[in-house]
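Each remark here refers to the structure printed beneath this line.
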Amino acid sequence: MENNPVCVADKEIGTKKTCVISKRNFGNLVEALIKNMEVVGVKAKKGKYVYDYIAASDELCLDYDVTVSPPTKYLFPSSETLLRFKMGDVTKTELVLDNSQRAIIGVHPYDIRAIELLDEVFITTNPDPNYIARRQNSLIVGVDCLHPSPKSFSPCMGTNVAENGFDLLLTDIGDSYMVTIGSKKGADLLAKYGQVKEPTNDDIVKQKVVRDEALTKCHFKLNCPKERIPKLLEDSYDDAYWEERASTCLSCGSCVMVCPTCFCFDVQDDVSLDLKEGERVRLWDGCMLVDFAKVAGGENFRHDKTSRFRHRIYRKGKYVIERYGKAGCVGCGRCATACLPEIASPIEAFNAIDESYRAKQAALRSLKETRTTKELYAPRPAELVRVEKLSTREKVFEFKLKDGKPLGQKPGQFVEVSLSGYGEAPFGVSTSPTRGDNFELGIRNVGNVTNALHNLEKGAVLGIRGPFGNGFPLNTLAGKDLLLIAGGTGLFPVRSLVQYILDKRSSFGRAMLLFGFRSPAERLFVDDLAAWKQNPNVEFFETVDRGDSSWTGNVGVITTLIPKVQFDPKKTVAVVVGPPIMYRFVIAELKKRELTDENIIVSLERRMKCGVGKCGHCQINSVYVCQEGPVFTLAQLRNLREAV
Amino acid sequence: MKPKIAFFEFTSCEGCQLEVLNLSGEELLDLLGDVDIVNFREAITERADNYDIAFIEGSISREAEIPRLKAIREQAKIIVAIGACACIGGVNCLKNHLTMNQALQMVYGDSAKYYDTIPARPINAVIPVDYYIRGCPPLTSEFVKVTKSLLLGKKPEIPGHPVCTECKMAGNICVFELGKTCLGPVTRAGCKAICVSGGRHCWGCRGLVDEPNINSEEEVLKKYGLTVEQVVDKFKIYNTYSEVMR
Ligand SMILES: Cc1cc2nc3c(=O)[nH]c(=O)nc-3n(C[C@H](O)[C@H](O)[C@H](O)COP(=O)(O)OP(=O)(O)OC[C@H]3O[C@@H](n4cnc5c(N)ncnc54)[C@H](O)[C@@H]3O)c2cc1C
Ligand code: SF4
Ligand code: SF4
Ligand code: SF4
Ligand code: SF4
Ligand code: SF4
Ligand code: FES
């Protein structure tokens with residue numbers, strides 16, 4: 001029997017108050033609960049700890065380190081029926097709710113914090129009836145974690161303490177528990193079954209001592225403030241760490257299945273044998289599993305283990321806190337224990353990324369101190385050695401760099417031409433590097449810089465910056481059958497590729513050239529066109545939108561040429577360059593011929609100023625066209641919402 | 001029209017068919033109400049060659065089985081492989097490590113010369129297979145699930161993830177933590193990790209997942225004390241025929 005009389009009367013038990021209960025009396029309280037409801041709690045099993053049914057209070061084991069699975073399984077079970085239905089009759093659909101009263105005993109504060117996150121997810125927006133039914137009927141008795149698992153790092157995440165989210169919270173202070181009352185339900189419970197007393201000063205000191213001692217048992221240190229993690233991750237999406245770390249990932253899903261803050265699920269229908277009725281069941285699912293992001297048709301948005309691994313860490317450190325305002329990882333360390341290749345621990349990922357970020361910053365700082373790129377904005381002098389009229393609005397300009405060096409361009413790259421007083425403008429290089437050190441630019445007169453250029457004469461000296469951009473992917477094109485489709489001035493960059501292919505003919509398969517112009521008078525590089533037409537090494541097709549009396553060739557827009565060529569979509573890559581309007585129609589035509597998005601390559605024209613990834617004019621979403629482009633596969637563009 | 005179902009058996013112990021018959025009487029009756037079983041050696045005597053769905057058990061390990069299997073493919077609209085032998089070659093493939101003469105000698109002794117045998121292979125090494133009911137023995141519940149899906153005309157939802165996922169869902173303590181080893185991380189789920197739940201570990205009877213990280217699994221097994229030979233032996237039991245073993 002208690003020595004002291006019960007000194008906390010019913011009414012006096014408010015929430016957030018503390019009191020003390022002897023361990024024996026707590027046992028009695030549990031026995032009373034067992035008579036009234038289902039009681040689950042922490043038990044020892046094979047040297048580990050698990051949540052399981054409790055038939056007698058002495059089965060409980062409350063000085064544990066961590067359980068194999070988290071207690072969240074009682075609120076969001078691994079498999080649960082959402083509703084029952086009759087086949088072919090939606091009016092007969094009935095919701096299935098679990099309204100049984102259940103006490104969950106022994107929940108550590110980090111798991112309470114995880115439950116708070118689930119509350120936010122399942123209650124705050126689009127309230128989830130199944131979760132709410134379980135939550136409302138659950139009594140949560142927490143217990144402070146005084147013997148943390150060696151893999152736990154909850155103090156680093158600030159989740160080793162819980163202020164809310166429990167009905168009662170116990171701290172083991174020897175023969176008794178200090179009890180923090182978290183809710184009216186908790187208070188009522190104590191009033192009904194508990195024999196409690198006011199805490200003495202000694203009790204209060206003891207609680208502080210054991211809690212502080214527990215803190216010293218955490219082996220981990222987060223190397224940056226936890227508030228910095230989201231930004232850190234944002235800046236480290238392309239860090240080499242992800243691929244390296246994920247290389248041993250088994251995609252086994254263990255890390256997400258044992259995590260208290262994971263809540264993704266799958267929904268499946270199960271019908272009875274007679275196929276007359278059935279259930280809709282939800283089952284745990286997780287982003288680490290191969291099929292998680294697969295959509296109908298088989299496309300998988302996170303098809304490789306690196307992107308799945310990164311996505312999970314981003315959820316734990318960034319997405320969840322940004323979306324729900326609660327920690328996405330509570331530092332329980334279960335994933336780290338469960339992961340056989342030992343790669344799943346978020347804190348190790350956060351620290352590694354932090355370190356890599358610091359190293360990158362340090363490298364950047366030392367670069368800044370030692371080297372500036374003077375030539376970044378200062379153009380190289382180049383002499384105009386030839387100008388020739390191509391058509392009504394276009395001229396070709398041949399340049400020679402004054403320093404005597406080759407330009408060093410790849411087909412598809414561009415240069416900035418600088419004319420003091422007028423400014424700069426970007427132009428694709430029209431000659432292949434295989435054609436000597438001089439280079440040519442085809443330029444249409446459309447405005448200030450271009451007009452001034454058109455007024456120049458042989459011998460003038462102006463500035464060149466570049467070459468810039470990625471150019472056509474010559475490695476991808478090697479060995480393939482090539483379908484080059486150019487409209488109007490799109491021929492300027494494509495001409496360089498045609499020259500390159502002719503000079504390295506054996507490196508490529510078939511070369512099918514499809515060119516289109518508005519009218520015969522607007523044709524460009526007519527001598528080249530005539531020579532290619534005769535060349536047995538290429539298959540040449542040309543059309544004009546509108547013919548005239550002298551024109552004997554094809555008439556019609558460029559898409560009308562495509563049905564004229566036969567090609568094998570598995571071996572062929574198409575390169576498409578032309579005015580924006582052309583892309584849509586040409587791409588639609590190519591898709592009909594079953595070319596995949598990876599095998600359709602386009603060169604984009606965007607407004608550009610600096611050419612070196614700074615000024616932002618050419619930016620599409622997060623991509624700078626002057627750096628990562630201007631050449632893209634259609635597959636890359638599909639992810640850029642602003643691209644086409 | 002009720003779909004007509006047939007069961008066929010190649011080189012196997014017939015354990016798979018028995019498992020199907022383990023349905024409770026009521027369940028089986030329900031099933032028979034929706035389908036016509038026209039060919040089922042263990043259960044009925046009459047036979048027909050007119051069927052829509054063929055369930056095939058056992059691996060192919062004799063020359064004469066090949067034309068028979070091809071004939072079934074011609075007839076059936078849907079072919080479902082049942083059991084480890086049919087799906088992945090299974091334990092029958094263990095003999096592939098011997099020369100065929102050695103194998104015959106071991107099994108039949110002096111009468112070996114009367115038999116012919118070829119390296120054992122799963123049925124999809126001979127004909128295209130539509131669906132798989134994996135496991136050794138396969139589970140009644142999964143058989144029922146697949147059959148129901150086929151009757152409803154939908155694609156059966158067969159997990160692509162490894163056994164570990166279901167093992168964790170079941171709340172098991174990982175056997176690696178208890179000093180044992182396991183092929184769960186590379187084996188296709190669907191069995192609800194019954195072996196681990198029952199106190200043992202996974203042997204890999206359901207075959208490998210589509211993209212098994214074999215290197216990593218090997219490293220893990222070695223970290224937990226297995227030698228290279230032991231690792232290979234572990235994989236051999238059910239997955240001799242898989243690409244990783246060749
Ligand atoms: C990678 C790349 C390669 C290019 N290659 C060639 C080429 O080989 N030959 C060629 O003749 N042109 C090419 N262009 C387009 C060329 O850059 C513009 O025509 C030029 O910048 C116009 O400059 P401006 O000073 O004469 O015109 P402005 O006086 O600045 O403007 C005149 C008109 O042109 C428009 N304009 C301005 N900049 C661009 C731009 N970057 N793209 C499209 N319209 C623009 C303006 O909106 C305005 O309507 C290329 C553009 C890019 C981004
Ligand atoms: S990510 Fe790992 S450490 Fe964090 S809450 Fe989940 S299981 Fe625990
Ligand atoms: S990180 Fe580890 S636990 Fe998670 S899926 Fe990969 S191997 Fe499995
Ligand atoms: S799968 Fe297993 S039970 Fe079925 S035939 Fe093969 S060995 Fe026998
Ligand atoms: S016991 Fe086997 S199946 Fe279960 S988690 Fe461990 S490795 Fe995976
Ligand atoms: S746990 Fe492994 S061995 Fe056991 S049934 Fe499942 S796949 Fe087969
Ligand atoms: S988070 Fe959107 S479906 Fe799971």
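Coordinate-derived values only; no laboratory data. This is a predicted model, so every value here is computed, not measured. Counting neighbours? That spans all protein chains shown, and the Cβs are built from the backbone with ideal geometry, glycine included.
Values as computed for the structure displayed
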read-out: Cα gyration tensor of the stretch A:159-271 - equivalent ellipsoid semi-axes, whole Å, descending; value: 40, 24, 13
read-out: All Cα pairs of the stretch B:163-245, percent lying beyond 16 Å; value: 47
read-out: Kirkwood hydrodynamic radius over Cα pairs of the stretch A:131-192, then Stokes diffusion coefficient at 10 °C and 1.306 mPa s, in µm²/s; value: 121
read-out: Within 10 Å of each Cβ in A:250-263, the average number of Cβ atoms from other chains; value: 6
read-out: J(HN,Hα) series, the stretch B:172-182, from Karplus relation 6.51 cos²θ - 1.76 cosθ + 1.60, nearest Hz, glycine and proline x; value: 6, 7, 5, 5, 4, 6, 9, x, 10, 10, 7
read-out: Residues with amide H under 5 Å from that of A:SER345, placed H, sequence gap 5 or more; value: none
read-out: Computed E for A:LYS389/A:SER507 - FRET, C-beta separation, R0 35 angstrom, nearest 0.05; value: 0.55
read-out: Folded to 0 to 90 degrees: helix A:184-193 orientation relative to chain A principal axis, Cα; value: 30
read-out: Residue-averaged 222 nm ellipticity for chain A, from DSSP H runs of 4+ at -39500 (n - 2.57), nearest 500; value: -8000 deg cm²/dmol
read-out: Cross-link table B:LYS4/B:LYS192; A:LYS86/B:LYS77; A:LYS73/A:LYS217; A:LYS226/B:LYS223; A:LYS73/A:LYS208; A:LYS231/A:LYS360, entries beyond 21 Å C-alpha to C-alpha; value: B:LYS4/B:LYS192; A:LYS86/B:LYS77; A:LYS73/A:LYS217; A:LYS226/B:LYS223; A:LYS73/A:LYS208
read-out: 5 angstrom amide H check on A:MET87, placed H, neighbours 5+ away; value: A:GLU277, A:GLY278
read-out: Pair A:TYR422, A:LEU215: separation of 7 Å Cα→Cβ label points (nm); value: 7.0
read-out: Rel. contact order, % - alpha carbon contacts under 8 angstrom, at least six apart, chain A; value: 10
read-out: The protein assembly as shown - convex hull of alpha carbons, volume per residue in Å³; value: 260
read-out: For the stretch A:527-583 and the stretch A:153-206, distance of Cα centres in Å; value: 80
read-out: Extended-chain gain in nm, criterion 0.36 nm per residue less alpha-carbon gap, A:LYS360 and A:ASN36; value: 110.6 nm
read-out: Equivalent ellipsoid semi-axes, the stretch A:205-325, via Cα gyration tensor eigenvalues times 5, rooted, Å; value: 35, 23, 13
read-out: Number of Lys pairs (Cα under 27 Å; 8 or more positions apart or on different chains) in the stretch A:140-206; value: 8
read-out: Under the Karplus curve 6.51 cos²θ - 1.76 cosθ + 1.60, θ = phi - 60°, whole-Hz ³J(HN,Hα) for the stretch A:531-547, x wherever Gly or Pro sits; value: 5, 5, 4, 7, 6, x, 7, 10, 9, 10, 9, 9, 8, 10, 5, 10, x
read-out: Within straight-line cross-link reach of A:LYS592, lysines at Cα separation under 21 Å, skipping those fewer than 8 residues along the same chain; value: A:LYS480, A:LYS564, A:LYS570, A:LYS571
read-out: Ranked list, fewest to most other Cβ atoms within 10 Å of each Cβ, for A:ARG245, A:ARG312, A:ARG228; value: A:ARG228, A:ARG245, A:ARG312
read-out: Cβ neighbours within 10 Å from other chains - mean over A:271-280; value: 4
read-out: Whichever aspartates and glutamates have a C-alpha closer than 18 Å to that of A:LYS17, once near sequence neighbours (fewer than 8 apart) are set aside; value: A:ASP144, A:GLU163, A:ASP167, A:ASP172, A:ASP188, A:GLU198, A:ASP202, A:ASP203
read-out: Mean separation of Cα contacts under 8 Å, 6 or more apart, over the residue count of the stretch A:429-492: relative contact order %; value: 32
read-out: Nearest 10 degrees, 0 to 90: helix A:346-370 Cα axis against chain A principal axis; value: 40
read-out: Under Karplus coefficients 6.51, -1.76 and 1.60, residue-wise ³J(HN,Hα) of the stretch A:57-72 in Hz, glycine/proline x; value: 4, 6, 6, 5, 9, 9, 9, 7, 8, 7, 9, 4, 9, x, x, 4
read-out: Average other protein chain Cβ within 10 Å of Cβ, residues B:171-178; value: 5
read-out: Simple label model, 7 Å out from Cα along Cβ direction - A:ASP98 to B:ILE66, nm; value: 5.4
read-out: Exposure proxy order (Cβ contacts within 10 Å, fewest to most) of A:ILE123, A:ILE601; value: A:ILE123, A:ILE601
read-out: Per-peptide average of other Cβ atoms within 10 Å, ordering A:518-529, A:103-114, A:65-76 highest first; value: A:103-114, A:65-76, A:518-529
